Amino acid sequence: MPVSWVLPQQQLALLGRWSDVTGRKFCLVPCLLMSAVGYLTMGFSYTLTILMFSRSITGMFKQSQSISRSMLSDITSADQRCRVYGRFNSLSSVGFILGPLVSSTIIQYEGGFYIVSCLCGSIFILNAVLMWFILPTTAPTKKKPSQYNGVTNIIASFKHLNWTKLWDIFLVNFFSGFSVMLFRSNSDMIFMDRFGTTKQHMSYLTSYTAVVSALCGFVSGWIAAKYQNNYRLYQHMVCGLFVALVALTLVVDFWMYILVLALLSFVTTNLRVASASLLVQRGGAEGVGAVMGLGDTVMSVARMLSPLLSGMALEISSSGPPLMGSVMAGIAVTLIILRSQTKLHQE
């Protein structure tokens, strides 16, 4: 289980609220620099203790995507938000396409791990420098940042969030994210066990799913515009997630499995976009960073639990992880239905 996932998950939410109080730029740049420190330390790790320490630094401060989404929400209108988030996710997917290909090539040479770690650290430093000079200095979104000086006061400020509008999204996000991670934690072993593929084939499969996600990101804005209702889009994508995971449990044909993986990438990409838009919409302008940070905290808890439970399910059957994921997605669908009925009765 990765060390960076087992850290106190409150750190992510704290960084989000910190960006509300100090401004996005003054939170993003230090996070990028500390992430660089984590990767550079990893390159010089010759003991398990140093490796764990380096992963701890990375786990606490590698929150650039969450802060970036908060920044994008500050500068985009509500009707353009899904389109912008979709393109942002597409560009992020490019990293998942190129990263494994580059690192798998370098790691084969002597000292490859050191080179990859130093390269990652250098990229983070370059990003920090670019962000410092390129990003404008914006005012904090909190009207009275002096009220939130100190970690204790920042934590206390979370009680001012509108939890009655947020709790269902956080809960559904947990179960839907958990369901996907249960499958993806051991997807390589599932694929190799069912179809006898090699690790090289798995690298191609990773790039394939990343390409599909990138393409889906570019059309997610168009899909959201057609729906004109983020919550309805969110509901349908959660249901689509359940269908995709059930199909991955039952499918035995190779090419049908590849097709269902494309469906899973489509659903998860649009689900992330709809979820982020809903959180910003319900959290309000002054709590964007905190809400985004809490959203990442929820997903980090799911990441922490999924490898263990997925491995236990895989010991029983190669269909175990997607089957368990289907159950978690089914819970998410049930929550969506119950919440919709509650709102209908209230109206």
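The values are calculated or read from the model by the stated rules, or taken from the named source; none is laboratory data. As the structure is a prediction and not an experimental result, all values here were calculated from the model. Ideal geometry is used to build each Cβ from the backbone, glycine not excepted, and the neighbour counts take in all protein chains shown. Heavy atoms of the whole protein, side chains included, go into the accessibility calculation; ligands, DNA and RNA do not. Shrake-Rupley method; radii C 1.70, N 1.55, O 1.52, S 1.80 Å.
Table for the structure above
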quantity	calculated
Qualifying position, being out of contact with any Asp or Glu (no Cβ under 6 Å at 6 or more places or on another chain), within 30 Å of K226 (Cβ to Cβ), assigned to a helix (DSSP H, G or I) and open to solvent by less than 30 Å² (accessible area, probe 1.4 Å), among G95, G121, G86, G59	G86
The range 191-217: number of residues that are open to solvent by less than 20 Å² (accessible area, probe 1.4 Å) and among the aromatic types (F, W, Y)	1
Single unsatisfied condition, Y257 versus (1) aromatic (F, W, Y); (2) open to solvent by 10 Å² or more (accessible area, probe 1.4 Å); (3) more than 23 Å from A225 (Cβ to Cβ)	(2)
Sole exception among (1) touching a residue at least 24 places away in the same chain (Cβ under 8 Å); (2) open to solvent by less than 40 Å² (accessible area, probe 1.4 Å); (3) in contact with a Ser or Thr (Cβ under 9 Å, 6 or more places away or on another chain) for S54, by number	(1)
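Let's see how each residue does on (1) open to solvent by less than 10 Å² (accessible area, probe 1.4 Å); (2) of a type outside the set (D, E):
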site	(1), (2)
V251	no, yes
L263	no, yes
A274	yes, yes
Q281	no, yes
V291	yes, yes
D296	no, no
S310	yes, yes
S319	no, yes
